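We did not get these values from a lab; they are worked out from the coordinates using the rules stated. As the structure is a prediction and not an experimental result, all values here were calculated from the model. FYI the Cβ positions are ideal-geometry reconstructions off the backbone, even for glycines, and counts take in every protein chain you see.
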Amino acid sequence: MKKFLEVTGFLLALLGVAGVVRELTDGWFRLLGATRFLTENVGFLEGRELFANIVIAVLGLVLMIVSGRVAKS
């Protein structure tokens, strides 16, 4: 379980940071925007892509922290 949470958290953090870079450069790095499918296809996220990518990155970091806590239990 710990390894699954670590890998999932790392991937979410990586995708979130890549999405933030993509949004800040106005889509210049097309391959970095793996989360754009989520942010472009969900109606209430329209116009809030940067915020959504920051939230995804933070969720990834939280999952990595939680995976460390799970190992101690």
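Could you give the semi-axes, largest first, of the ellipsoid that matches the chain, computed as the square roots of 5 times the alpha carbon gyration tensor eigenvalues and rounded to whole Å?
Working: eigenvalues 138, 27, 16 Å².
Each semi-axis is the square root of five times an eigenvalue, giving 26, 12, 9 Å.
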| field | Relative contact order %, the chain, counting alpha carbon pairs below 8 Å whose residues are six or more apart | value | 48
| note | Output for the chain: trypsin sites (Lys or Arg not before Pro) sitting in coil per DSSP, at most 15 other Cβ within 10 Å, listed by number, reads 48
| task | Mind telling me which of 27, 16, 47 comes out most flexible in a GNM of the chain, alpha-carbon contacts under 10 Å? | result | 47
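So which chymotrypsin sites (Phe, Trp or Tyr not before Pro) in the chain pass both tests, a DSSP loop state and at most 11 other Cβ atoms within 10 Å of the Cβ?
Numbers: sites: 4, 10, 28, 29, 37, 44, 51; in loops: 28, 29.
Here the chymotrypsin sites (Phe, Trp or Tyr not before Pro) that fit, given the DSSP loop and packing criteria, are 28.
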| query | Which whole-Hz ³J(HN,Hα) couplings does region 44-61 yield from phi under the Karplus relation 6.51 cos²θ - 1.76 cosθ + 1.60, θ = phi - 60°, glycine and proline marked x? | reply | 6, 8, 5, x, 10, 5, 5, 4, 4, 5, 5, 5, 4, 5, 5, 4, x, 5
